[in-house]
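What follows is a short report on a single structure.
The values are calculated or read from the model by the stated rules, or taken from the named source; none is laboratory data. In this text, all values refer to a predicted model and were calculated from it rather than measured experimentally. Cβ sites come from the backbone with ideal geometry, for glycine too, and all protein chains shown count toward neighbours. The protein model used for the area step is the full one, side chains on, heavy atoms only, and it has no ligands, DNA or RNA in it. Shrake-Rupley method; radii C 1.70, N 1.55, O 1.52, S 1.80 Å.
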Amino acid sequence: MSRKRNQGRSRRKAKAENLSGNNALELVTATRRGCLHGFVQPADQRQREIAHRCVNVFIDAWRNAFCGSPQGAPPSDASVKGIIDSICDESPRELWEDSALKQTVKGVFLLKGIEELLNEDGESRLLCAICLISISMLENDMAPLEDKQFMRLHDATSGCKRTMIKFFRKRASCSCLDTMYAELKASNPTTAVCDFCSQRKERCTVMLCAGCRRKQYCGRECQVAHWPEHKVACKEFQRAAKEIGRA
């Protein structure tokens, strides 16, 4: 079992590495449909180089986090703050001072995420998740997400393809995802995964933790069973919410 788990992590890491390395920005010239999904390549060479460094910082941090989780699941609550702090420390300072650069980096993640969705490759989920999380962080200036944003991101990275496609489609200036989204909307409900038993349910049937609103369950039995493990994080979520004035 250990060997199979290690092999799975190696495959996920190899897939994620396709997004980093020397080809991160060159991806904009090799899209499947010839559409850049709204991305505009910076004319300035130095701007491209800084953007390339920024993209790799985000990718490396989240790739390692996902590949270190069981079956590529989203990273644990305890590890997320450390990942965000690491990205803030390692990213070139220009990213936080130059709004145009931030848009360029966001555009790379948007383009690559859409391309991975269009590939319809089951193993592309990891790269889509990395792109989605990175875009969300940039849009929110690395600040904690609102509860609804957080849970939608959680649903998308946990495997709800409809939520994932909706996220990218909403931000794209093209119609490349319109058909795929329309088909999913007509035949697939939005789903969520119980944070205790891991069963996938329709989102409208799951219940949120009343304390932190950051964990969801398919029923009270799962919520009660998960409480001994969740209670410390629950209090931390509530404390963080009060600090930023959400609660």
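At-a-glance table
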quantity	calculated
Solvent-accessible ranking of Ser175, Ser124, largest area first, probe 1.4 Å	Ser175, Ser124
Fraction in percent of alpha-carbon pairs per bin - 5 Å, the range 115-247	2, 10, 18, 20, 19, 16, 9, 6, 1, 0
Exposure rank, largest accessible area first [Leu145, Leu138; 1.4 Å]	Leu145, Leu138
Distance (nanometres) between label positions extended 7 Å along Cα→Cβ at Arg53 and Asp141	2.3
Loop GluC sites (Glu not before Pro), the range 89-176, which have at most 15 other Cβ atoms in a 10 Å radius of their Cβ (DSSP)	Glu120, Glu146
Distance violations [Cα-Cα > 27 Å] among Lys102/Lys170; Lys185/Lys231; Lys148/Lys242	Lys185/Lys231
Accessible surface ranking that places the most exposed of Cys54, Cys35 first, with a 1.4 angstrom probe	Cys35, Cys54
